[in-house]
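The values are calculated or read from the model by the stated rules, or taken from the named source; none is laboratory data. Remember, predicted model here, so these are calculated numbers, not experimental data. Positions of Cβ are generated from backbone atoms using ideal geometry, with glycine treated the same way; all protein chains shown enter the neighbour counts. Accessible surface areas use protein heavy atoms only, side chains included; no ligands, DNA or RNA. Shrake-Rupley method; radii C 1.70, N 1.55, O 1.52, S 1.80 Å.
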Amino acid sequence: MTAITADLVERLSQHTPKVVVVGDAILDVWLSGHSDRLCREAPAPVVDVGSRALSAGGAANTAVNLAAMGAQVRFVSLVGDDDSGRELRELLATQNVDTQHVVLSSGRRTVSKHRVVADDQVLVRFDEGDAEDADGELGQQIAAAVELAVEDADALLICDYGNGLFGPAVREVLAKVREAVPLVVVDAHDCARWRGITPDLVTPNAGEAAQLLGAALPENGKRAELFERRRAELFEATGAKAVVVTLDRDGALLLAPDTPGYRTWADPVPESQASGAGDTFVAALSLGAAASLPLTACLELAQAAACVVVHKNGTSVCTWTELSVALTRDAALEPEELAELVARHHEAGQTVVFTNGCFDVLHRGHITYLNEAKRQGDVLVVAVNSDDSVRRLKGPDRPVNTAQDRAAVLSALSCVDYVTVFDEDTPINLLRRLRPELYVKGGDYTENMLKEAPVVRSYGGEVRALGYVPEQSTTSVIEKIRTGSAVGEEA
């Protein structure tokens, strides 16, 4: 597992792939002001507009996010030869998006979405523009633009949101150029429409994935289970090598062949006015894949970037600098601060899950275990043995990584809510203080092996053993490094 840390983000910022985005161009208009009265004609608020702000929407916002993260972005789309189209192209140019492949149509109105905001509250949105299918000569122009844009591209991102861009000629040329592009990602309302080009990644949301399966969308907590259980049908319906289902406030689920599903968890913001976090997610996911990161790391990267955006207002983007700052927060909490936070979760009726360990060299077994631990409740607390504690337990040549580094890597995982460091051989004192509802350990432990178990039971908590991933241990990883054994070989 590649950990998403500030150091990794710094290295990614030096990577500048050529990415072609083909998709709908939308101009987002934000009219903001103050309202303190109703109009006479109807019981509707009167807004004294004080500012008009513009931002790129739809696939154009994905292109802007890619550019903000350092990609060389070529945007292929269709806009009207009107004021909105000109404003959008100028806006994209100022944000380092190449618009020379955007086709202009004199007989078409650019799609624009106007939001009226009074005192931070969106009152109404009204949309304008034409979304009919682009066929005939117009379709041929877009197809020609695609063919030019993908020359020497490192990645192709198809954003199909149903606004009329992808007529037969455009779909045909995309199928033609597919093999020449190393990475193809599809973000579409109907991913089955792109099955024939065998995408490397598709990114439906939960509703779109359920529609592909012909299934009713279950309640939030059951969605990931549905998609993991029916993963083969999703692969068949989309033709994709891997599927990422975005679950909104519940994070995202990665489905790849021959591996268990991998979850991330979101950091939801109550009453957020953010728009376009999904575009940020897809942009960061694509950049991670273009840099050949493991897909699990790509998913964590995308989730972290989306979490930056949801703390903003309006249609927003995430830069590598902002993501790096978010990842360099203090990783390990002091027990006093952690106790206060856990108490709030108890008061809110949430289930706190607690686990502990050395977590010296993070590997797939750790990640699988921590994801499973998170699924047991609402909040996951990980207590990490201090360096002195690890030496007492594992020997004088351990730990390989300091407690500070181990905590930083763990805190970068979206499944981990809080990390703390303890100096004793067992976390008994922490358990007495935090009183988590669940204390979990890996399947290589049994309850009667744990000195902590009686403490947990004494306050009404539960001890639970989770699954065990064989041949995945820090000791075996270190031994393979020392002996030069290949990954997957017996140490």
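Observations on the model:
- Potential extension, GLU236-GLU10 segment - 0.36 nm per residue separation minus Cα distance: 77.6 nm
- Overall, the anisotropy analysis places segment 63-156 in the oblate class: the square-rooted eigenvalues a ≥ b ≥ c of its C-alpha gyration tensor yield a/c not less than 1.5, with a/b not exceeding b/c.
- Under the Karplus curve 6.51 cos²θ - 1.76 cosθ + 1.60, θ = phi - 60°, whole-Hz ³J(HN,Hα) for segment 354-369, x wherever Gly or Pro sits: 10, 9, 8, x, 7, 6, 6, 10, 5, 9, 4, x, 4, 5, 4, 5
- Contact order normalised by residue count of the chain, Cα under 8 Å, 6+ apart, percent: 13 percent
- For segment 158-170, 3J(HN,Hα) per residue [Karplus equation, 6.51 cos²θ - 1.76 cosθ + 1.60, θ = phi - 60°, Hz, x = Gly/Pro]: 9, 10, 10, 10, x, 9, x, 6, 9, x, x, 5, 5
- With the charge dipole of segment 190-291 set up from +1 on Lys and Arg Cβ and -1 on Asp and Glu Cβ about the Cα centre, the Cα lying farthest toward the positive end among the listed residues ALA215, GLY276, ALA266 is that of ALA215.
- Dipole of the chain, positive end: most advanced residue of GLY377, LEU54, ALA348 [Cβ charges, Cα centre]: GLY377
- Relative to the dominant Cα principal axis of the chain, helix 335-347 is inclined by about 70°.
- For ASN356, the residues whose amide H sits under 5 Å from its own are ALA383, ignoring neighbours fewer than 5 places away on the same chain, with H placed 1.01 Å from N.
- Charging the Cβ of each Asp and Glu at -1 and of each Lys and Arg at +1, and nothing else, the dipole of segment 321-368 about its Cα centre rounds to 300 debye.
- Near ASP250: Cβ cut-off under 9 Å, other residues only, Lys/Arg at +1 and Asp/Glu at -1. The net charge is +2.
- Here the dipole of segment 226-266 is about 60 debye; that uses its Cα centre as origin and unit charges on the Cβ of Lys and Arg (positive) and Asp and Glu (negative).
- Averaged per residue, the chain has 45 square angstrom of accessible surface, using a 1.4 angstrom probe with ligands and nucleic acids left out.
- When only the Cβ of Lys, Arg, Asp and Glu is charged (+1, +1, -1, -1), the dipole of the chain relative to its Cα centre reaches about 800 debye.
- Counting DSSP beta bridges with both ends in the chain, the antiparallel % (nearest 5): 30 percent
- Dividing the summed -39500 (n - 2.57) terms of all DSSP H runs of n ≥ 4 by the residue count of the chain sets its mean residue ellipticity at 222 nm at -11000 deg cm²/dmol.
- Pairs with C-alpha atoms separated by more than 22 Å, drawn from the list LYS18/LYS176; LYS374/LYS394; LYS394/LYS451; LYS374/LYS441; LYS222/LYS312; LYS222/LYS441, are LYS374/LYS394; LYS222/LYS312; LYS222/LYS441.
- Short-range pairs are left out: with C-alpha atoms under 8 Å and at least six residues apart, the relative contact order of segment 22-133 is 30 percent.
- With each label modelled as a point 7 angstrom along the Cα→C-beta vector, the VAL325-GLN140 pair spans 5.1 nm.
- Cα gyration tensor shape for the chain, rounded if a/c is under 1.5, else prolate or oblate: prolate
- Karplus (6.51, -1.76, 1.60) ³J(HN,Hα), θ = phi - 60°, over segment 74-81, in Hz, Gly and Pro reported as x: 10, 9, 10, 7, 9, 9, x, 8
- Applying the criteria of a DSSP loop state and at most 14 other Cβ atoms within 10 Å to the trypsin sites (Lys or Arg not before Pro) of segment 176-229 yields no site.
- Neighbour cut-off at most 11 other Cβ (10 Å), DSSP loop, GluC sites (Glu not before Pro), segment 179-250: GLU219
- Solvent-accessible area, 1.4 Å probe, carbon plus sulfur percent, for the chain: 48 percent
- DSSP beta bridges confined to segment 183-296 are antiparallel in about 60 percent of cases.
- Cα gyration tensor shape for segment 386-450, rounded if a/c is under 1.5, else prolate or oblate: oblate
- Within segment 111-198, DSSP assigns beta bridges of which about 55% are antiparallel (rounded to the nearest 5).
- At most 12 other Cβ within 10 Å, DSSP loop - GluC sites (Glu not before Pro), segment 58-161: GLU132, GLU151
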